[in-house]
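A.B. asks: Take this structure, written in structure tokens, and hold onto it; I'll ask about it next.
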Amino acid sequence: FGIVVGGWWIGPLLLLLLVPLALAGYAVSALWLGGWSAQKAGRPDLGRFWLVLGGVAALTLLGSVPVAGFLVGLLAVLLGLGAFAVALVSADREVPSPPLQPRLVT
């Protein structure tokens, strides 16, 4: 049916989309890990570049473990994609603003 209708290209297109999504998930996990470790070290004021760089370094070190490294990388990609998806979904929702408080002028 897909060959006749022309929907066969959707599968390879989604497969090509998997690579940038995996990179985005890894970057989100690196940002979280870098922020967590910077907060534990008492340096929460670092820029995002340094947080991501530290997180990538930590994930690379953890990923170099022979058997568990693959699982660490896979978990980083999956958790990062989940966090990215939650952030995208929650960005569409409106946050109700607090009610205005009347000011008393004396």
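The values are calculated or read from the model by the stated rules, or taken from the named source; none is laboratory data. All figures in this text were calculated on a predicted structure; none of them were measured in a lab. Note that we place each Cβ from the backbone using ideal geometry, even for glycine, and neighbour counts take in every protein chain shown. The area values use the complete protein model at the heavy-atom level, side chains included, leaving out ligands, DNA and RNA. Shrake-Rupley method; radii C 1.70, N 1.55, O 1.52, S 1.80 Å.
A.B. asks: Sort the following peptides by mean Cβ neighbour count (other Cβ atoms within 10 Å, averaged over residues), highest first: 7-13, 24-30.
C.D. replies: 24-30, 7-13
A.B. asks: Just to be sure I understand: if I project the alpha-carbon convex hull of segment 7-64 onto a plane and average over all orientations, what area do I get in nm²?
C.D. replies: 4.8 nm²
A.B. asks: Give or take rounding to whole Å, what are the principal axis extents of the alpha carbon atoms in the chain, in descending order?
C.D. replies: Per principal axis, max minus min of the Cα coordinates gives 77, 45, 20 Å.
A.B. asks: Measure off, as a whole percent, the carbon and sulfur share of the 1.4 Å-probe accessible area of the chain, all protein chains present. Let's see the in-between values first.
C.D. replies: Working: 6640 of 8820 Å².
Its accessible area is 75 percent carbon and sulfur atoms.
A.B. asks: Report the extension gain between A41 and I10 in nm, rounded to one decimal, defined as 0.36 nm multiplied by the number of residues separating them, less their alpha carbon distance.
C.D. replies: 6.6 nm
A.B. asks: With r defined as the distance between the Cβ atoms of F84 and L53 and R0 fixed at 25 Å, what FRET efficiency is calculated, to the nearest 0.05?
C.D. replies: Efficiency, from the Cβ-Cβ distance: 0.85.
A.B. asks: Related question: Quick check: pseudo-label points 7 Å beyond the Cα along Cα→Cβ at V19 and L61, how many nm apart are they?
C.D. replies: Output for this residue pair reads 3.0 nm.
A.B. asks: Could I ask something else about it? Express the accessible area of segment 1-60 per residue in Å², computed with a 1.4 Å probe while the remaining protein chains stay in the model.
C.D. replies: 76 Å²
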